[in-house]
Amino acid sequence: MAANNRRMSGKKGAQVGSGGQRRKGLEGKGPTPPAEMRKGHKKNRIAGAKAKQAVRRPVPRGRGGKSPSELVVGRNPVVEALREGVPASTLYVQQFIDNDERVREALQLAAERGGINLMEAPRPELDRMTNGLNHQGLVLQVPPYEYAHPEDLTSAAYDGGEDPLIVALDGVTDPRNLGAVVRSVSAFGGHGVVVPERRSAGMTAGAWKTSAGTAARTPVARATNLTRALEAYKKAGIAVVGLAADGEVELGELEAIGGPVVIVVGSEGKGLSRLVGETCDFRVRIPMPGGAESLNAGVAAGIVLYEAARRRS
């Protein structure tokens, strides 16, 4: 009996339940983060080293130069940029971030894209990188855009046995308009877009998003001086056609639009600058029976590109 008591004494008695207080501890913590995000993992250390090298490495210059790198800040902007295929080099994620759907989607999209370093960083470091903006724990680094040279666009056209069809922007400062023009140029078989180096929109993340991915195959060239670039096109036998509300020729009457042509689009408010307007071979107006005073750059370029493509077909 004593032996039996000894055996029984080793057993646990009734246990008091937690009343559901520890239920959260039994819930899953979501999918395992990729190796690049797991602190102490070899891939995490490699990704961190690559990210630091990318930030410190001097930016090489191409024929048309490069823009500075850019940061996309905030959960929604980062997810949208990754969805739209905006080029990215590094995705910075705050340590101990609240792992909601947008964070998980950003990590998944970055992993699926490949070539994007995933780097975990403390909040103070992200605050410093973004100059105190509300980054919500996600920051995406967009690498510098490498611009073509204006001559590259004509060379590509002639190499393909085609007459050049190019759009030049004069005083267009909204990146979304630039992205829309790039999209139209791609849709109608154009060979690229030329922008001035100063006082002009550049290929930012916003321009990439508006282009709906077409910026990956439609080059954007940057000219130190737009007037000189247009004069060089004229010497090469390419007609320079400027769009103006008070243009002397209506679009449907211009025969030159069917040949090698550069279409120059000015800003919505001011139109073409004086020197650029004087450089154009033709100043063309788009008929607008509805009475609108002007069209934005993306819409105007799309109309003229359609007419040019129709003449060439």
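A few comments on the model shown:
- DSSP beta bridge pairing in the stretch 58-214, given as percent antiparallel to the nearest 5: 55 percent
- Based on alpha-carbon atoms, the Kirkwood radius and the radius of gyration of the stretch 156-313 give Rg/Rh equal to 0.92.
- Accessible area per residue, Å², the stretch 123-176 with all protein chains present, probe 1.4 Å: 48 Å²
- Between ARG310 and TYR158, the FRET efficiency from the beta-carbon distance, with R0 = 30 Å, is close to 0.85.
- Computed about its Cα centre, the charge dipole of the stretch 197-283 is approximately 620 debye, with only Lys, Arg, Asp and Glu carrying charge at their Cβ.
- Cα gyration tensor, the stretch 233-297 - rounded (a/c under 1.5), prolate or oblate: oblate
- Karplus 3J(HN,Hα) series, Hz, for the stretch 86-102 with 6.51 cos²θ - 1.76 cosθ + 1.60 (x for Gly, Pro): 4, x, 8, 10, 9, 10, 8, 10, 5, 4, 6, 6, 5, 7, 8, 4, 5
- Taking the stretch 213-313 and dividing mean pair separation by its residue count, relative contact order in percent (alpha carbons under 8 Å, at least six apart): 33 percent
- Based on protein heavy atoms only, the stretch 230-307 ends up with 49 Å² per residue of surface accessible to a 1.4 Å probe.
- The stretch 187-265 - percent relative contact order, Cα under 8 Å, separation 6 or more: 28 percent
- Carbon plus sulfur fraction of accessible area for the stretch 211-256, probe 1.4 Å, in percent: 47 percent
- Percent accessible area from carbon and sulfur atoms, the stretch 97-181, protein chains only, probe 1.4 Å: 44 percent
The values are calculated or read from the model by the stated rules, or taken from the named source; none is laboratory data. Values in this document were obtained by computation on a predicted structure and should not be read as measured data. Note: ideal-geometry Cβ built from the backbone for every residue, glycine included; neighbour counts use all protein chains shown. We work out accessible area using only protein heavy atoms, side chains counted, and drop any ligands, DNA or RNA first. Shrake-Rupley method; radii C 1.70, N 1.55, O 1.52, S 1.80 Å.
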